[in-house]
1. Any chance you could get the radius of gyration and Dmax over the Cα atoms of region 57-112, in Å?
2. Given only helices, namely DSSP H runs of n ≥ 4 each adding -39500 (n - 2.57), what is the per-residue ellipticity at 222 nm of the chain, to the nearest 500 deg cm²/dmol?
3. Could you please rank 193, 6, 161, placing first whichever residue has the fewest other Cβ atoms within 10 Å of its Cβ?
4. Taking 35 Å as R0, compute the FRET efficiency from the Cβ-Cβ separation of residue 150 and residue 10 and round it to 0.05.
5. Output the Cα-based Rg and Dmax of region 10-200 in Å, rounding Rg to one decimal and Dmax to a whole number.
6. Please give the length that would be gained between residue 78 and residue 195 if that part of the chain were fully extended, namely 0.36 nm times their separation in residues minus their C-alpha to C-alpha distance (nm, one decimal).
7. What's the exposure ranking of 167, 115, 42, going from fewest to most Cβ atoms within 10 Å?
8. Would you mind computing, in nm to one decimal, how far apart the modelled labels at residue 97 and residue 142 are, each placed 7 Å from Cα along Cα→Cβ?
Ligand SMILES: [Mn+2]
């Protein structure tokens, strides 16, 4: 087996433990799946896409500010893992306000910010995050059908709008294998949604 210690150091192990600690007891929306599964999934996508250790660490911590601690959490991440990791985490958070602003407004702000993003590391972590979410949605939509949407604060049509807008925003910011993969998953999600709702869309 090739040696990967040149890429992943103790700092990565620390980030893994830190992410598990920060999200302890959290589950994926409307499920009993530990939130850590999402963070590991995003981290795996980043590493498989050729991401650096700092990008992989940012992947593990990308939801820590938004979901677990706001500005104070971002300062702690900067102290422990450095400026580069903190910058990616900050760019991947669609809000650090509490309570969060309304859904549509928050997403529109995030999309506007994404279109203008030029940092390849941030784009890689952000695309891996959205790809992992879209893949989970598609898988669960196949399993449970329309009741899936009860998990989310925004209805199905809004989610479809958001995922298509994400693909367009990533395309505007720059191409990449993760974006191509995201587009294929979103295409499939739309196809399934149209099929299941053909009686209302005709
Ligand atoms: Mn996420």
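Computed from the coordinates by the stated procedures, all read-outs in this text should not be read as laboratory data. Note that the coordinates shown come from a computational prediction; the quantities given were computed from them, not determined experimentally. With ideal geometry, Cβ positions are generated from the backbone for all residues, glycine too; neighbour counts draw on all protein chains shown.
1. For region 57-112, the Cα radius of gyration and maximum Cα-Cα distance read 11.2, 33 Å.
2. -22000 deg cm²/dmol
3. Working: 193 19, 6 8, 161 14.
If I rank by nearby Cβ atoms, fewest first, I get 6, 161, 193.
4. Numbers: r = 42 Å, r/R0 = 1.21.
Here the calculated transfer efficiency is 0.25.
5. 16.2, 55
6. 37.5 nm
7. Numbers: 167 20, 115 14, 42 26.
Sorted ascending by nearby Cβ count, the order is 115, 167, 42.
8. So the two model labels end up 3.8 nm from each other.
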